[in-house]
1. Which FRET efficiency value, to the nearest 0.05, is calculated for Ile86 and Arg30 with the Förster distance at 35 angstrom and r the Cβ-Cβ distance?
2. For Thr80, Thr25, what ranking results if the residue with the fewest other Cβ atoms within 10 Å of its Cβ goes first?
3. Once fully extended, how much extra length lies between Ala63 and Val20, figured as 0.36 nm per residue of separation less the alpha-carbon to alpha-carbon distance?
4. Where the centre of each part is set by its Cα atoms, how far does region 54-107 sit from region 18-35, in angstrom?
5. Which ordering of Arg181, Arg108, Arg171 is given by a fewest-first count of other beta-carbon atoms within 10 Å?
Amino acid sequence: MTSSGVLESSILFAALIAFVVIRRTIGLLRGAPYAPSRLFVFAGVATALYAVFAATTIDLAVATWGPIGLALVAPYAAATLATAWITAPHVDAVARFERRGEGRPYYRLPWLVPVTYLVLFIARFAIEIVLFGGVDTTGFGPSGGVATPLLLVIAAFDLLYGASVGLLFGRAFGIRRAYERFVAGESTGGGGPLSGAA
């Protein structure tokens, strides 16, 4: 594929991802039906994509630095776990539940949570397109080693992606905990501490 073809396909890929994420962001601001399976399946798909990108970079790191390249596994995991750990209690505190229609629970989040996720997710693709003229959508990088500065830049992109994946998991766990408190409040006649408008 020509350089212009790679750029066009990369922009199309990033635009498709952006469309899905923006649509999801708008839904969270307006109110989304509570479905634990949707929360965790979306996070699981993002994790699978992250694993592909991370594995590619770690393979490049091993080819460039030798076995020490495997050390990238630690910061990659830490980026996801730390973001999830920070995000979960915050989402638990700010999520708002209400019953709509036939009593189905809906939740809303303040704009900061979905917009932060949107920025983290899109930034990785946008920066890669600007610096490298395209995005590796296959998950397979060049064979052999690459220059260390370039490898560090790629790893930084992956860490951004890892943070966005962690935010997804933190959001899922936080919403689940908020829902449990909402239902507990309903069962005591209090309507739950998170009922009403945000």
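1. Details: r = 25 Å, r/R0 = 0.72.
Step by step, r from the Cβ atoms, then E = 0.90.
2. So the residues, fewest neighbours to most, are Thr25, Thr80.
3. Details: separation 43, 0.36 × 43 = 15.48 nm, distance 3.46 nm.
Full extension of this stretch gives 12.0 nm more.
4. Going from one Cα centre to the other spans 18 Å.
5. Details: Arg181 15, Arg108 18, Arg171 26.
Final ranking by Cβ density, sparse to dense: Arg181, Arg108, Arg171.
No lab work stands behind these numbers, since they all come straight from the coordinates. Fair warning: this is a prediction, and the values are worked out from it, not measured in the lab. Here the Cβ is made from the backbone with ideal geometry for all residues, glycine too, and neighbour counts use every protein chain on show.
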